[in-house]
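The values are calculated or read from the model by the stated rules, or taken from the named source; none is laboratory data. None of the values given here were measured: they were computed from a predicted structure. All Cβ positions, glycine included, derive from the backbone under ideal geometry; neighbour counts span all protein chains shown. Ligands, DNA and RNA are stripped out before the accessible areas are found, and what is left, the full protein with its side chains, is counted by its heavy atoms. Shrake-Rupley method; radii C 1.70, N 1.55, O 1.52, S 1.80 Å.
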Amino acid sequence: MERFKQIIKLNCIDINIYSKHETVLTFAIERNENDTVREILQNETVDFNLAAPDNGKTPLMEIFWLIIQN
């Protein structure tokens, strides 16, 4: 994950890109990578409401579900 965080800091990728059913942000959220989530949230281009095309989940929904489950 350290290399991943370094890439995010470079701002050389589209932070809102998704693969299958998750965005970069939901990937980090689902894996409890809190430091990585913080790094992503500091990126001014991140879209918290970007829904995955296959399931409609957004990063904001993922965060909500994690909060209420704990």
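Need pairs with beta-carbon distance below 6 Å; first residue at pLDDT 85 or above and within the range 24-38, second of a type in the set (Asp, Glu); sequence gap 6+ or separate chains.
These pairs meet every condition: Thr26/Glu62; Ile29/Glu62.
From the set of residues in the range 1-13 that are assigned to a loop (DSSP other than H, G, I, E, B) and free of Cβ contacts under 8 Å to residues at least 24 places away in the same chain, which is most open to solvent (accessible area, probe 1.4 Å)?
Cys12
One line per residue, one yes/no per condition, for (1) more than 13 Å from Pro59 (Cβ to Cβ); (2) of a type outside the set (Ser, Thr, Tyr):
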site: Ile8; (1), (2): yes, yes
site: Asn11; (1), (2): yes, yes
site: Ile15; (1), (2): no, yes
site: His21; (1), (2): no, yes
site: Leu25; (1), (2): no, yes
site: Thr36; (1), (2): no, no
site: Ile40; (1), (2): no, yes
site: Asn43; (1), (2): no, yes
site: Val46; (1), (2): no, yes
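Return the total of residues in the range 22-51 being exposed (fewer than 13 other Cβ atoms within 10 Å of the Cβ) and in a loop (DSSP other than H, G, I, E, B).
Residues that pass the stated criteria total 6.
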